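Structure, as structure tokens:
Coordinate-derived values only; no laboratory data. Note that the structure is predicted; figures quoted are calculated from it, not measured. Cβ placement follows ideal geometry from the backbone for every residue including glycine, while neighbour counts extend to all protein chains displayed.
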Amino acid sequence: MTEVHAHKRKVPFWSSDGPWIWLLPVIILLVIYSVYPFIFNIIISFHRFDPMEKAFRWNFPANWVDLFTNSDFLKAFRITFTLGAIALIVELVLGIAIALAFDRSRVKLRGLWQSLFILPMVVPPVIAGLMFRFLQNADYGIISNILYALGVIERSEPLIGGTGRNVLLAILIADVWQWTPFVALIVLAGLKALPHEPLEAAIVDGANRWQLFWEVKLPLLRGVLAVVILFRIVDLLRLFDYVAIMTSGGPGGNSETISHYAYRMHKSIEWGMVSVVGIVVLVLAIVVTNAYMRVFKVKF
Amino acid sequence: MAVTQLPATGVAKPQTTQAARTARARHRRESIVQTSVAALIALIFFSPIIYWFLVSVKPLPYTMTWPPVILSEPIFDWYEVVVLGMDPNVGAKTGIVFNGAAGDYYVIPSLVNSILIGVLSTIISVGIATPAAYALSRFHFKRRSSLIAWILSTRMMPPVVAMFPLFWLYTQADQRVFSAIFGRGTSVLYDSLLGVLLVHVVINLPLSTLLLKSFFDDIPTDLDEAAMVDGCTRWQAFSKVIWHYALPGMAAAAILAFITSWNEFLLTLTVTRTQFRTVPVFGSTFDVSAAGTEWGALAAVSTTAMVPVFIFVLIVQRNLVRGLTMGAIKG
């Protein structure tokens, strides 16, 4: 083993025999991206920007009190979690089902289908938003018309528009279209990497396909699924692009996520509030990630 | 199935012909069913893109009908506007009623920006993530695991956290520092290539570093040792020998970085105003809630922006899948 034990002799900071010079660029950039914003947000969250004098004024604790009494933010919070939970479940179920379909042994031209299937992932979400805005048009959108025909929604309450009752469904469709392939692709890789012995043993024992999936494959996929879910949770917590393009948070704030709320505050120069939201979502992301990694023992 | 090519000896063919035939028929049936299911899934996910493309070859009135019409004569006037930057009202002879001004839909500048920023930021982020990943893999120093946890936490951080701090840093640094050095009104960070690049590099660093670390972990340390016994310093061992073995990892990280940069929206939107706007920022400038949305132009913009990256993905598909799964399974 050539593991370097730096403590045995003093290695200068700049020597390539010590780790720091290798890590320096990454550390500097990530400090600018994460440590500086964190500290800056804490300070700014106690202030209010005065556009007349172009200066920050001490405003403690008004921003923080405002945040937890502000119905817009609380609504955005609720919407982010509702939408995130539903999207996560739908993408997971669909993704696993699709991965199983692609994993069957007698699929011809598998590469071609897989290539077509993963293309939604590389469509920029903004472009996907424009596309779905058209496909979900209340009058001539194909998705809207299919949903009318199926009786899922009514013409008086279209996907986008009306009182906004179905607007989350509109965002959900875009997110599911774009990110189910991601879930499926990773589950598929997990399925391909499964050890053969347990599967063969189960088949010898006479397990049917249903039992094989629930009692053998799914438990073995636990680790892969845990990571996929974590990645989706992180992305769903920051959901912004579709909302900004398709609905701007409307109608009536019915599709506003936390990120979009923060962006709207940024636009209206409520920078103290932006910082408060920034800290809240950062703490939220850390708590959710840590709790999740602890419960599911995700290792990196 | 080389076994079936038995030389024709006088030995009787294996019996069970009836059973073999039914088995073969069953296999064919299974193959048809399974292939149709896979094809159906692929088509369901790909069909919105085809449908959206078809909008880009229709005159405006035909885009806003239900049921949809498929025209026997596609028109490419939207592409003249979007790709060649032609004056939209020149195309009026084909029935396009255009509200936009010349250049509104000209996607090429932002496409060039997107590709330029994507390529440069990918090279830079993989370039600095690789040595860092090597160090995280090879050196066992105090705080190594907390450093890794911190890098991972920046991957999990929502970009709204950095949105305003970066905006403020950029504008203030330009106004107070760079204006003093380079003269009034200089934009070094805000609305400049450097500023956008910095954002795109930094959002890719965490994943690139952790992904590459897992690749270096799989390269035996004997190789480093051998190189160092031959008189290399550690830097030389890395720069002359070891990094070659991490090339597949670097390719996977580069592809992921490029796609992340290609899709990035919120931070680029925040740190640019008119210059160096990428395709997503360009796409966000259209008001799609208005009644007079020129869907054909938007569809042509989308298609033009999607085609290069689709070709790229089809070329690098193997590496992309590996990068995504490694990124998910190994971190």
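Key figures for this structure:
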read-out	value
Highest-MSF residue in chain A out of A:Leu282, A:Leu218, A:Leu199 [GNM, Cα springs under 10 Å]	A:Leu199
Neighbour-count ranking [beta-carbon atoms within 10 angstrom, fewest first] of A:Arg264, A:Arg165	A:Arg165, A:Arg264
For region B:82-88, Karplus couplings with θ = phi - 60° (6.51, -1.76, 1.60), whole Hz, Gly/Pro x	7, 8, 9, x, 6, 4, x
Of B:Val83, B:Val288, B:Val119, the one that fluctuates the most in a GNM where chain B has Cα springs shorter than 10 Å	B:Val288
Label-point separation in nm, A:Phe81 to B:Ser31, each point 7 Å along Cα→Cβ	5.3 nm
Sorted by Cβ neighbour density within 10 Å, fewest at the top, the residues A:Leu29, A:Leu194, B:Leu205	A:Leu194, A:Leu29, B:Leu205
As computed over the protein assembly as shown, the Cα convex hull volume per residue (Å³)	231 Å³
Residues with amide H under 5 Å from that of A:His47, placed H, sequence gap 5 or more	A:Asn59
As computed over region B:182-268, the Cα convex hull volume per residue (Å³)	112 Å³
Top of A:Ser268, A:Ser144, A:Ser255 by mean-square fluctuation, Gaussian network on chain A, Cα under 10 Å	A:Ser268
Computed over region B:108-285, the ratio Rg/Rh where both radii use C-alpha atoms and Rh is Kirkwood	1.05
³J(HN,Hα), Karplus 6.51/-1.76/1.60, whole Hz, each residue of region B:20-36, x for Gly, Pro	4, 5, 5, 5, 5, 4, 5, 4, 5, 4, 4, 4, 5, 4, 5, 5, 5
Sequence-distant residues sharing a close amide H with A:Phe56 (under 5 Å, placed H)	A:Asp50
Debye intensity ratio I(q)/I(0), log10, region A:74-214, q values 0.17 Å⁻¹ (C-alpha model)	-1.03
Total charge dipole magnitude, the protein assembly as shown, about the Cα centre, Cβ charges on Lys, Arg, Asp, Glu only, Debye to nearest 20	1580 debye
D_trans [Stokes-Einstein, Kirkwood Rh over alpha-carbon pairs] for region A:68-154, 37 °C, 0.692 mPa s, µm² s⁻¹	200 µm²/s
Ranked list, fewest to most other Cβ atoms within 10 Å of each Cβ, for B:Phe216, A:Phe132	B:Phe216, A:Phe132
Calculated from backbone phi, Karplus (6.51, -1.76, 1.60) coupling profile of region A:25-32 in Hz, x at Gly/Pro	x, 4, 5, 4, 5, 6, 5, 4
In nm, spacing of pseudo-spin labels at B:Gln275 and B:Phe76 (7 Å Cα→C-beta vector)	3.5 nm
Normalised alpha carbon radius of gyration of chain A [divisor 2.2 N^0.38 Å]	1.26
Amide H partners (placed H, <5 Å) of B:Asp87, local residues excluded	none
Separation in nanometres of the label points that stand 7 Å from Cα toward Cβ, at B:Ser289 and A:Ala202	4.9 nm
For region A:158-270: span of alpha carbons on each principal axis (Å, largest first)	64, 30, 16
Estimated Rh, region B:27-94: Kirkwood, alpha-carbon pairs, angstrom	14.6 Å
Residue-averaged 222 nm ellipticity for the protein assembly as shown, from DSSP H runs of 4+ at -39500 (n - 2.57), nearest 500	-20000 deg cm²/dmol
Equivalent ellipsoid semi-axes - Cα gyration tensor, region A:6-62, angstrom	41, 11, 8
Orientation-averaged projected area, Cα convex hull of chain B (nm²)	30.1 nm²
When each of B:Lys142/B:Lys240; A:Lys267/B:Lys58; B:Lys213/B:Lys240; A:Lys10/B:Lys213; A:Lys10/B:Lys240; A:Lys108/A:Lys217 is checked by Cα-Cα distance, pairs over 30 Å	A:Lys267/B:Lys58
Interatomic Cα distance distribution for region B:207-331, bins of 5 angstrom, percent	2, 9, 14, 13, 14, 13, 10, 8, 6, 4, 3, 2, 1, 0, 0
